[in-house]
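Undergrad: Just dropping this structure here.
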Amino acid sequence: MHLRECDILVVGEVFVEFRSQREIAATDCFEKDVGGADVVVAATASRLGAAVSLISAIAHDPFHGFLRERLQAQGINVDHVITCNGYNGIYFTSPRDADAREYLYHRPGNAAENISPSLIYDDLIEDCKMVFASSELQSVSKAARHTIFKAFHHAHRNDIMVAYDPNLRLQRWSLDDAKESLWSVLPLIDVIFPSTPEESKALFGFERPLDVIGFLWDRGVSIVAVKQGPRGCLVGYDGKIEEIPVEDTGEPVKDLTLVGSAFDGAFLCSISRGEDPFTAARLAVKASQHKATKGRGLQSLPTKEDLISIAAA
């Protein structure tokens, strides 16, 4: 039996995040952090105890050292994150209120354009239990799409779990490009994290979570976790479907930015420990709720101790 040192291999983009509590144009003060949907997946899984490695690129601009240090502080293995010329991607974000998020992306000389299939090699994939990527990286370039396809294809051939989040963001690319990229990897995917109703309607033509699960089961995806925002999620696996609601903790929601990525990371961490998808979904709902109520970048992501405390309350 091959002993794999890495639980989750994340292929994704690294951003510098500037976060404000007011509208972006009106604020004079921002908090700085490392960000991006894929980074939050990796950081959540790592903080909950999974061994996580990241494949990415960080440009040698003034943020280079800061980004590497922040990633390592989350326990993420950055041995496969290359250093390149150019500039790191930047985005500004503000919750404005609990139900509205504001994003502004700036990607000049984006380092992620240096992510190419040459970063993927057999031993790297075979040393992990699962591979995760999202459409966030696919939207960067054709080379990035080929990178994800190569990682997924090699994992699929070697019976290594493949997980994917469609993470539809039409401010970054067209719906046609997003659908083409999704369908190119769909036959290789074991776990998928679609959101309803807008995303699933645009990508699959269905708004009801039950219909989304049936549609994706028919296309060979074995584990479907449909995220429903404040309603929790609906999980389908092995012919069974279970709804996991969000429990009312009495704490107000502060920021919904990237809570879906926190869900993904917690779910995959649980699966990597051998737990079933329904148990994984219960952990994932708690993790995303924790992030929503804390509302402060990576520090709002739960640790194992946080979730133990929540369960004991």
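What follows is calculated from the coordinates using simple rules that are stated; it is not laboratory data. Everything numeric here is computed off the predicted structure, so don't read it as measured data. In this analysis, Cβ positions are derived from the backbone assuming ideal geometry, glycine residues included, and neighbour counts consider all displayed protein chains.
Undergrad: Which residues make up the longest stretch of the chain clear of chymotrypsin sites (Phe, Trp or Tyr not before Pro) that lie in a DSSP loop with no more than 16 other Cβ atoms within 10 Å, not counting the sites?
TA: The longest uninterrupted stretch comes out as 174-313.
Undergrad: Still on this structure, I have one more. Fewest first, what order do HIS64, HIS154, HIS290 take by the number of other Cβ atoms within 10 Å? Can you show the working numbers first?
TA: Values: HIS64 15, HIS154 19, HIS290 23.
Ranked by crowding around the Cβ, least crowded first: HIS64, HIS154, HIS290.
Undergrad: Hey, another quick one. How large is the translational diffusion coefficient of segment 6-308 in µm² per second when you combine the Kirkwood radius over alpha carbon pairs with Stokes-Einstein at 25 °C and 0.890 mPa s?
TA: The estimated diffusion coefficient comes to 129 µm²/s.
Undergrad: Work out the count of Lys pairs in the chain where the Cα-Cα distance is under 23 Å, with the pair 8 or more places apart or on different chains.
TA: Close lysine pairs found across the chain: 27.
Undergrad: How do ILE148, ILE308, ILE120, ILE160 rank when sorted from fewest to most other Cβ atoms within 10 Å of their own Cβ?
TA: Ordered from fewest to most neighbouring Cβ atoms within 10 Å, ILE148, ILE308, ILE120, ILE160 come out as ILE308, ILE160, ILE120, ILE148.
Undergrad: Sticking with this one: Among the GluC sites (Glu not before Pro) within segment 11-74, which fall in a DSSP loop and have no more than 13 other Cβ atoms within 10 Å of their own Cβ?
TA: The qualifying sites are GLU23.
Undergrad: As a footprinting exposure proxy, order ASP211, ASP218, ASP7 by other Cβ within 10 Å, with the fewest listed first.
TA: ASP218, ASP211, ASP7
Undergrad: Nearest-5 percent of antiparallel DSSP beta bridges in the chain?
TA: Values: 21 of 51 bridges.
Rounded to the nearest five, the antiparallel share is 40 percent.
Undergrad: What cysteines in the chain have no other cysteine with a beta carbon less than 4.7 Å from their beta carbon?
TA: Among the cysteines of the chain, those whose Cβ sits 4.7 Å or more from every other are CYS29, CYS84, CYS233, CYS269.
Undergrad: Can you give the helix-only mean residue ellipticity at 222 nm for the chain, where every DSSP H stretch with n ≥ 4 adds -39500 (n - 2.57) and the sum goes over all residues, rounded to the nearest 500 deg cm²/dmol?
TA: It comes out at -11000 deg cm²/dmol, rounded to the nearest 500.
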